[in-house]
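This report concerns only the one structure given below.
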Amino acid sequence: MTQAVLSIGSNLLDRQGYLQLAVDEIHKASHTDTVSISAVYETAPVGGPAQQDFLNMILIVETTLDAHALLEFTQGIEHEAQRERIEHWGPRTLDVDIIDFGGAVIDDEDLSIPHPRAHERGFVLIPWLSVDPDALVVGHGRVEDLIRDISFVDVRERRDVQMYQEK
């Protein structure tokens, strides 16, 4: 099995419900075991048009899928959440990004790992560090060091929003 780090976000409609949908679908998949679930954070959107704040979280999973099959699986979950890819960096019901896949470096027309801007994004680094103190963004360094260079102002833990795994 390969360990993967998934960043999950939503800023349309039932944001918490869409995060829970992703957690549920990933958890119940026979090819994927959930290792860690971060707290949920509310974050200001980065880039793109004016839009509502996101709810974001990190899932660390173990999977038997290869990276491209994991991408296809996560895009299927986004489709189930009725995600529409209308505007680059626009609002979305659900966004599931593969941040890391077993430390691999992949850069092709379909997939870039590590995620190209993960090392700059507080909404990725802060929740990731909370569930993996040894987290590393390949080619950029330890998450613990990277967070020193980012702003925490727009990353707020939402203790009132809890994600649950179905049994």
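In terms of modelled amide H atoms, which long-range or inter-chain residues lie less than 5 Å from the amide H of Ile106?
Counting only residues 5 or more places away or on other chains, the set is Ile113.
Can you give me the P(r) profile for the chain? Cα pairs, bins 5 angstrom wide beginning at 0, each as a whole percent.
Spelled out bin by bin, the chain gives 1, 9, 19, 23, 23, 17, 7, 1 percent.
May I ask you to compute the full-extension gain from Val138 to Thr2, defined as 0.36 nm times their residue separation minus their alpha-carbon distance, rounded to one decimal in nm?
Using 0.36 nm per residue and subtracting the Cα-Cα distance, I get 47.4 nm.
Which Cα, out of Pro45, Met1, Val161, lies furthest along the positive dipole direction of the chain (beta carbon charges, K/R +1, D/E -1)?
Most positive-ward Cα: Val161.
Between Gly141, Gly102, Gly47, find the one with the highest GNM mean-square fluctuation for the chain; connect C-alpha pairs within less than 10 Å.
Judging by the Gaussian network model, the answer is Gly47.
Give the residues of segment 2-25 whose amide nitrogen is closer than 12 Å to a point set 7 Å from the Cα of Thr64 in the direction of its Cβ.
Only 2 pass the distance filter.
Taking the Cα centre of each part, how many Å lie between segment 121-167 and segment 27-72?
So the separation of the two Cα centres works out to 12 Å.
Every number here is computed from the coordinates shown, using simple stated rules; none is lab data. Computed from a predicted structure; not experimentally measured. Here Cβ is always computed from backbone atoms with ideal geometry, including for glycine, and neighbour counts include all displayed protein chains.
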